[in-house]
Structure formats: structure tokens, C-alpha cells
Amino acid sequence: MEPGSGVELYWLPLGVGGHFVRLNGRVYERLVAWLERREAFVLYHAALCVELPEGSYVIEQAPVRDGHGAERGVVAEGAVGSRRAAGFRIFRYELRCWRGGVIPDADEAVESPRLLTSDPDVARRLLELVHAVPMAVWGRDELGAGEMWNSNSLIAWLLARAGLPAATIHPPAGGRAPGWSAGVVVAARPSVPARTPRCPAIPA
């Protein structure tokens, strides 16, 4: 076992640092709870921190902030809501594999970080998989997984494909992680061609 290796999971309350997203999340969850005749839960957004002797990496999905994605390890972008609207930055999300990066508002994470593995081989395999994550339309069930695709789907897909028990991982008590099961379902399907030869954030 190499020292300083591992994969850590962070659970961030949806919308931390952004009142608009938090408000929309609460309205969405109350509506879904009402339709399903259950109590409303706290919604969570997942992110990963991968530690290796050669460096640390933050893997997270976030809205496209500007045209300088390379500075924060952006390896791919996807559409939000509709591919037709993806020409506008507000309707795109980005996938980060940020070497030496940070998780914004990590101090507000709940029951985090959660160490999932200390195996460097698993950590490196997870990093290699970043280039193959399905960049489906955010907020829609484009892949027929039975649930919308979002940031939690990306993280669950990575964990499952890396050989970690994503299906048994749950958010903090009283919380819900929409999209998580979609990532687990899609990860169980046959592999699809990768988008690029290699995640540029990973050293050769």
C-alpha cells in the first residue's frame, strides 16, 4: 500500500454558496415529496478527492463558469436541460479532474470526507475512467436509467466502474442524492467508446 493514497467522498448540501440553487432545490424536493407522499429530505451533491503520491485531484461536476476551464481541470462539458440550448454557457456543465484543486464550500460538507478506499490501484483506475464518463444531458433521463442524470450520476458511475460499491453508498441521514442510482445503473452496462484518449489532468 502506498502512503498518501485514497479516494474520499464529500457530501455537499445542494446549493451551498448559492441561494438561487438552494432555493430551487428545496422547491423541487418539496414538490417531489408531495407527489410521492413522503417527507422532504435535504438534497446532496457529491464530489471526490483522489489522493496519490504524485498529487491530489478533485473530481466534480459544476456549472460552466467561464472560458478558462483548463485552469480548473475541466476535461469535458455537457448540456443542461437540452442539447439545443448548449450553445449558451448557462446551459452547460463541466466535469473537472483538477490536479491540486479544491472543492468549493468543502467546509460545509456533511459527514465528510468519507474514505472509500486506500488502494492506489483503485484510485488510479478511477482517474483513468474520468475520460469515459457519459456526458448525458443534465436533468433528463437521456440514458433510460430510470432517473435523471446529474452530478451524483457522474460520481456514482466513476465509483462503480472503478470497482467500489457505489450501490451501497448513501448520503447522510435525512438526505437524498437524486441521480445516484442512474450512475450505478449505467455503470453496469457494457463499456462505450471513450471521448478522448486520456484525461489530460492525469500524468503519464
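Derivation of every value follows stated rules applied to the coordinates shown; laboratory data play no part. Source: prediction; values computed, not measured. Virtual Cβ from ideal backbone geometry, glycine too; neighbours counted across all protein chains shown.
Under a 5 Å amide H cut-off, with hydrogens placed 1.01 Å from N, VAL137 pairs with GLU142 among residues at least 5 apart or on other chains.
Put in line by how crowded their Cβ is, counting other Cβ atoms within 10 Å and starting with the fewest, TRP138, TRP98 read TRP98, TRP138. Database remark: amide H of ARG176 closer than 5 angstrom to the amide H of VAL42, LEU43, TYR44 (H placed geometrically; neighbours at sequence offset of 5 or more, or on other chains; Pro and chain starts carry no H). Peptides 146-157, 169-180, 45-56, 65-76 ranked from most to least packed give 146-157, 45-56, 169-180, 65-76, packing being the mean of other C-beta atoms within 10 angstrom over each peptide's residues.
Placing +1 on each Lys and Arg Cβ and -1 on each Asp and Glu Cβ, with no other charges, gives segment 48-204 a dipole about its Cα centre of roughly 580 debye.
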